[in-house]
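Written below as structure tokens is the structure these notes are about.
The values are calculated or read from the model by the stated rules, or taken from the named source; none is laboratory data. Fair warning: this is a prediction, and the values are worked out from it, not measured in the lab. Cβ placement follows ideal geometry from the backbone for every residue including glycine, while neighbour counts extend to all protein chains displayed. Heavy atoms of the whole protein, side chains included, go into the accessibility calculation; ligands, DNA and RNA do not. Shrake-Rupley method; radii C 1.70, N 1.55, O 1.52, S 1.80 Å.
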Amino acid sequence: MASSESTQVPPATAQAPVMDPVAVIRSKAYLTALVLAAALGIPISAAAYGFLALVTQIQKLIFTDLPGDVFSGATPAWWPVPWLVLCGVLTGLSLRHLPGNGGHSPAFGFQTGGGPPVDRELPGIVLAALTTLSLGAVLGPEAPLIAIGGGLAALTVHLLRKDAPPMAVTIIASAGSFAAISTLFGSPILGAFLIMEVAGVSGATLSLVALPGLLASGIGALVFVGLDSWTGLGTFSLSLTTVPPNLAPTVATLAYAVGMGAVAPCIGWVIRWFALHLRPVVHLNRVLVTAVLCLAIGSIAMSYQLVSGRSFTQVLFSGQDALPSLVAHAAGYSVGVLLLLALAKALAYALSLSAFRGGPVFPAMFIGAVVGIAVSGLPGMQMAAGIGIGIGAMCTTMLRLPLTSTLLAVVLLGADGLSTTPEIVVAVAVSFVVTFLLPDPGASLPARGPSGPPSAGEPEPSSTGA
């Protein structure tokens, strides 16, 4: 047996130089990076605006204008099914044949490994996200926008200077990502906070990376507002048009926060289990299986409309546009319809996570809000508190980002979010702990073999998809 001395790591003979953030900020290179970040914030945010506008216009054309022209009455419940099959075919083809595999799989949540996408990967990311978001899959635009913004910024740096240091590329790429989602969550600060928490940036590095990012994000927000004023297409920002009144926190609402914080991880665990266990099946035949999954998503949405009498659009898409209307007309929904909607959205969300490309945030927010509205009629519960608790708890279990999840719920509710903060914080804390107490939903999946599908913990391939 080896002695204890022989297994010890020898002490380092020299310490790594400590970075002086003040000296870095005063340097010419960092000031140049600030100017470049500000300049890039304009075209990248304009490109992000154009992407979101295109997605919105395609959705409107296919699911609103076209059926309105074809049918004299209401849109039939079967209408989304063929379009979703087309979504599966187009997305599967782009993932299979274009470089980059369309970016990271949303089944694993947000991932930061590997750096920004290279130039040859950007078309695949754009096309996979465009077909996913436009034709009805249940994912949001935040993850593709982060990848597109970072990729465009990194490409610009390499064009300006091919031998740019990695840290410079990372800082400018982060600024591009900040700009791309500057207004998506209602505030540039929230989008920036999401990226920083995902990256795990802290200490002196946080200030150095955040400053160019915040500058690009602020300029990006101005670009979004200006383009909205010019085009009238909107700012594509999540906001509630009507916020239910809220009262001061009570013992009852805090108790409900504990309960919902414990239940949300169980819902999230089932969603992620289905998504992760479907991924190996998807990799057996990317195009065929993705089309079949879309057929299932369309059937779920069709069944929801037939049973509830409500539109299938509530089940499809990210939920970003449907959430304000749901909250504004919450009193018109029975508990049964709300639970059916939550179930349908969760199933479609799980299927979408397994095979498509998009972000996990908005569907989690929508499901959490629906559950919160459903329980708001219980004794001692309030609707504003229920919505905030549901959003915070579901986002925590799906994203595993407790700080961002708290801010998402608080900022969305506006002034009422401040008064519901105690309940939201309790629900987020409980949800975060329970999420990690539950077993890993992908633990039973086999490790990836030479030609097999990726296991639950592996990133997507960096070239073509399976």
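Side notes on the structure shown:
- Note on the range 48-67: residues that are out of contact with any Pro (no Cβ under 9 Å at 6 or more places or on another chain) and open to solvent by less than 50 Å² (accessible area, probe 1.4 Å) amount to 6.
Quick grid of which residues meet (1) part of a helix (DSSP H, G or I); (2) in contact with a helix residue (DSSP H, G or I) (Cβ under 6 Å, 6 or more places away or on another chain); (3) basic (Lys, Arg):
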site	(1), (2), (3)
379	no, no, no
386	yes, yes, no
389	yes, yes, no
392	yes, yes, no
396	yes, yes, no
403	yes, yes, no
407	yes, yes, no
410	yes, yes, no
418	yes, no, no
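- Number of residues in the range 270-308 that are over 21 Å from the mean Cα position of the chain (by Cα), of a type outside the set (A, V, I, L, M) and more than 15 Å from residue 137 (Cβ to Cβ) equals 7.
- For the range 420-436, the set of residues classified as part of a helix (DSSP H, G or I) and in contact (Cβ under 8 Å) with a residue 40 or more places away in the chain consists of 422, 423, 424, 426, 427, 428, 429, 430, 431, 434, 435, listed by residue number.
- When the range 316-346 is filtered for residues that are touching a helix residue (DSSP H, G or I) at 6+ places or on another chain (Cβ under 8 Å), surrounded by fewer than 20 Cβ atoms within 10 Å (Cβ to Cβ), in contact (Cβ under 8 Å) with a residue 40 or more places away in the chain and aliphatic (A, V, I, L, M), only 335 remains.
- Qualifying residue in the range 357-365 (condition: open to solvent by less than 10 Å² (accessible area, probe 1.4 Å), at pLDDT below 95, farther than 23 Å from residue 421 by Cα and small (Gly, Ala, Ser)): yes
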